[in-house]
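Below: the structure, in structure tokens.
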Amino acid sequence: MDNLLITGGTLWKGEGFASGEALFIAGGVIAASGPEEAVRRSAPSSCRLLKLSGESVLPGITDGHIHLAAWAKQRTLLDLSAAASLAEALAMVSAEADRLPSERWVRGWGYNDTRWPEGRSITRQDLDGLGIPNPVLLQRICTHINIADSKALALSGLESGDGILEERDAIPALEAMERNVFSRREVKKALKEALFELASRGVTCAHPCGADDYGMEEDLSIYSELKGENALPLRIFTYHDRQAHPPLPSGFGDGWVNYQGLKIYLDGSLGGRTAALSAPYADDKSEEGRLNWTDGKVLRLLREARERGVQTMLHAIGDRALDQALRCVGQVYEELGRPSLPDRINHVMVARPDQRRRLAELGVYCDIQPAFVPSDMNMAENRLGEDRLPWAYSWKSLLDEGLVMAASSDAPVESVNPQESIAHLMERSGPQGVFRPEERLSLEEAMPLFTSNPWKMIGRESFSGRLESGCAADVVVLDRDISPGDAQAVREARPKLVFAGGVLTAGELDGRAGMGA
Ligand SMILES: [Zn+2]
């Protein structure tokens, strides 16, 4: 699209919504933004006009932490999360096998046997009993347990009486399944579909996180190919859990496909009791979780990243992992000064008040996942106990410390829906009621976490994330006005038009469909 004048909308202006303003998009950027009369004067009279009646116009949304390739692949596999019984799960596996060539593995995910009336897990014997020709490998909802049938075990060179493979024991089977199911062509196809799904939700930028150690690589060459085929609807800035070879600096790329940094996993998860806590788990006094690395190793990684001009993102869920992050990052800042791109601390799920202050002192950035609150509230209370609950998911307290924060989905762990995520920040409500309501954010507080802050966090504050003249034309037009700040209205809002770099990536304008159609 050459140019477009948008009038009549309710525009997000960084700190609040404004009406009576207009946007003029030309050459892929926002050429003018401000009071309608002034913007009209700067647009040519031949300009295409989009006249809205109050619908909200937002900067494009960024998903600041997503395992994009892993999510894209998972979307193509058998979703067992709805199976209400063991029998139903087995029937779903059987039906999937009918649909697939016999040599193709059946890969299912998301089953939850704690909800099943049979009161037990699936076993190798159950799967063998189906009499299907396909190898089968199923993953439990927690992702820490896989079940293989006899064919899958044999093809992976594994032996197991009941076929239940815990944690890293499953790696040979996972690798064999990956080789069978996901050729590069399959991954590219899955990624393309996933990217357009994100675009349809108003996402114009993502910070995918590759976790090679967990079998979740992010392949920049595929994004680059899609860009060349005019099929990349969002901007990509990747993080990886290994240093790039050859070394690349943060921001290496063309503004569409970019290398951004190093991901360091300091601990595990609260659900799996592998998050490192400073005192034992309330529901298992023998367990405090564990740190993946010594301080020496973390310091070495941080110093090496600094030498290469690479930003780091540190995964820290428990407060002991956060202590390690603060200690090591603090020491490196002491030695080498604060970097131009401060470190990002991801999850910050359990943060004591002294830690929240220290985060702000260091001026590091925080990445949070709003959907964890409704999903985890019950589990978190069990794991942490009453005394430590005030440290959990304290988004408002972090914000009040003056920290720069971005919100993200962590898909496939949670859904990618950003409208839902904004509503979660505003409500913090789940099946067990509202979790620590004092930590709710207003819509005005939540918006920057999805728009301007992620751009600030990768050092491109003036590039995108704002409806300001000179910024990239990454713009979302919603189907309604969300400015009154009602969480339910935000949740129900759907993007009507989505532009990335001025190109329509989702929706339909003047009878012409966007890039993905
Ligand atoms: Zn993650």
- If you average the sequence gap of Cα pairs under 8 Å that are 6 or more apart and divide by the length of the stretch 266-440, what percent do you get for the contact order? 20
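Please compute the contact order of the chain in relative form: average sequence separation of alpha-carbon pairs under 8 Å and at least six residues apart, divided by the residue count, as a percent.
17
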- Please report, in debye to the nearest 20, how large the charge dipole of the chain is about its Cα centre when each Lys and Arg carries +1 at its beta carbon and each Asp and Glu carries -1 there. 1040
- Item | Farthest toward positive dipole pole in the stretch 36-140 [+1 Lys/Arg, -1 Asp/Glu at C-beta], among 58, 78, 95 | 58
- Query: Debye sum, Cα scatterers, the chain, no solvent: what log₁₀ I/I(0) at q = 0.08, 0.10, 0.12 1/Å?
  - Reply: -0.53, -0.83, -1.18
- Item | For residue 132, net neighbour charge (Lys/Arg +1, Asp/Glu -1) across residues whose Cβ lies under 10 Å away | -3
- Message: I'd like the distance separating the alpha-carbon centroids of the stretch 317-353 and the stretch 80-114, in whole Å.
- Response: 42
- Where the centre of each part is set by its Cα atoms, how far does the stretch 141-185 sit from the stretch 438-468, in angstrom? 41
- Item | Semi-axes of the equivalent ellipsoid for the stretch 266-440, Cα gyration tensor, largest first, Å | 26, 19, 14
- With each label point set 7 Å from Cα along the Cα-Cβ vector, what nm distance links residue 42 and residue 387? 5.8
- Task: With the Cα gyration tensor of the stretch 72-181 in hand, convert its eigenvalues to equivalent ellipsoid semi-axes via √(5λ) and list them largest first in whole Å.
- Result: 18, 16, 14
- With +1 on the Cβ of every Lys and Arg and -1 on the Cβ of every Asp and Glu, the dipole magnitude of the stretch 266-440 about its Cα centre, in debye rounded to the nearest 20, is 400
- Message: Going through the cross-link list 188/227; 396/496; 188/496; 73/189; 151/189, which pairs have a Cα-Cα distance over 19 Å in this structure?
- Response: 396/496; 188/496; 151/189
- Can you put 61, 145, 236 in order, fewest other beta carbons within 10 Å first? 145, 236, 61
- Message: If each residue of separation counts as 0.36 nm, what is the full-extension length gain between residue 285 and residue 185 once their alpha-carbon separation is subtracted?
- Response: 31.2 nm
- Message: Per-residue counts of other Cβ atoms within 10 Å, averaged by peptide: what ranking do you get for 316-322, 109-115, highest first?
- Response: 316-322, 109-115
- Message: Helix-only mean residue ellipticity at 222 nm, the chain, DSSP H runs n ≥ 4 weighted -39,500 (n - 2.57), per residue, nearest 500. What is it?
- Response: -10000 deg cm²/dmol
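Read-outs throughout are calculated quantities, based only on the coordinates presented, and are distinct from any laboratory measurement. All values reported here derive from a predicted model rather than from experimental measurement. Here the Cβ is made from the backbone with ideal geometry for all residues, glycine too, and neighbour counts use every protein chain on show.
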